[in-house]
1. Just subtract the alpha-carbon distance of Arg150 and Asn174 from 0.36 nm times their residue separation and send over the number in nm, one decimal.
2. Given the options Ile115, Ile131, Ile239, which has the most mean-square fluctuation in a GNM of the chain, springs set between C-alpha atoms less than 10 angstrom apart?
3. With the cut-off at 1.5 for a/c, could you classify the range 18-87 from its C-alpha gyration tensor as rounded, prolate or oblate?
4. Using per-residue counts of other Cβ atoms within 10 Å, averaged over each peptide, order 211-218, 139-146, 165-172, 42-49 from highest down.
5. Roughly speaking, what is the stretch gain from Met19 to Asp222, that is 0.36 nm per residue apart minus the C-alpha to C-alpha distance, in nm to one decimal?
6. Rounded, prolate or oblate: which fits the range 1-126, taking a ≥ b ≥ c as square roots of the Cα gyration tensor eigenvalues, rounded meaning a/c under 1.5, else prolate when a/b beats b/c?
7. Dipole of the chain, Cα-centred, from +1 at each Lys and Arg C-beta and -1 at each Asp and Glu C-beta, to the nearest 20 debye?
8. Stokes-Einstein D for the chain at 37 °C, 0.692 mPa s, Kirkwood Rh over Cα pairs, in µm²/s?
Amino acid sequence: MLDKIKQTAAYINSKVADMPKTAIILGTGLGELVNHIENQYVIPYEEIPNFPVSTVEGHSGKLIFGNLGNKRIMAMQGRFHFYEGYSMQQVTFPVRVMKALGIKTMFVSNSAGGINPNFKIGDIMVITDHINLFPEHPLRGKNYNELGPRFPEMSEAYSHRLINDAFKVAEENNIRLVKGVYVGTQGPTFETPAEYKYFHIIGGDAVGMSTVPEVIVARHGDMEVFGVSVITDLGIEGIVEKVSHEEVQKAAAMAQPKMTLIMKELINKFEE
Ligand code: HPA
């Protein structure tokens, strides 16, 4: 694994002169932010050695390097989900590569089902913490001390200073922003009403099928993390309705401009 990470990082380094310190992983249907990146240099995943090859979707995604406001950033458009059949090592490989490239801060977005009764469809939830319910841990197996400690500390998985900055940005722009705990599950089924209820009882505010593995690996490598969920459907007792991938995509598209604005302003504002 170490050789693969080095090889991939060397390839990207050979293509990109001014390496960013900040990366952003864009959730499915939340890729609009890339339109705000200036002076883009794009590398399709299929050209990157050792990157997982997309089998399920027709498009496999790309890395985009460029300027967002006053920062150099690297954006990952298209991520690898555990439910697609990738191993946890594959799902989190891009984060390992980010670390090897010198990325210090990782921003991440996803769409999720709201299980907090105060939430509405289209809300943006700042992730304050997560509950990992994936059936396999991305750090299971031999630990490489070069990558991080055997028993990583997780008391502040999501950076408090970035959470505070995000609320300032929301206030300045008059955007409703909520916060809460993200429950990460493997999917690909959406939840039954009993499962939504259970996830709320154990302390969740939103549930989704991504993010947690990448955040764990980012924290293993001591990167600072900020995450948001776009609430695309509700799993609240009494009002659980049928949800489909199409509805999730539609709701994500509607809320996307708000999310893009918050991410963009936050990235502009924070101190690298
Ligand atoms: N559950 C799990 N994942 C999701 C949901 C949901 O309700 N909505 C979007 N991603």
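1. Numbers: separation 24, 0.36 × 24 = 8.64 nm, distance 4.27 nm.
Separation in residues times 0.36 nm, less the Cα-Cα distance, equals 4.4 nm.
2. Answer for the Gaussian network model of the chain: Ile239.
3. Working: a/c = 2.22, a/b = 1.78, b/c = 1.25.
Cα axes put the range 18-87 in the prolate bin.
4. On the way: 211-218: 26.0, 139-146: 11.4, 165-172: 16.5, 42-49: 14.4.
Highest mean packing first, the order is 211-218, 165-172, 42-49, 139-146.
5. On the way: separation 203, 0.36 × 203 = 73.08 nm, distance 1.83 nm.
Net length gain for the segment: 71.2 nm.
6. Details: a/c = 1.88, a/b = 1.31, b/c = 1.43.
Judged from the Cα gyration tensor, the range 1-126 comes out oblate (a/c at least 1.5, b/c at or above a/b).
7. Values: 26 positive and 31 negative charges, 115 e Å.
With Lys and Arg at +1 and Asp and Glu at -1, about 560 debye.
8. Working: Rh = 18.7 Å.
The diffusion coefficient I find is 176 µm²/s.
Every number here is computed from the coordinates shown, using simple stated rules; none is lab data. As the structure is a computational prediction, the values presented were derived from the model and not from experiment. Ideal geometry is used to build each Cβ from the backbone, glycine not excepted, and the neighbour counts take in all protein chains shown.
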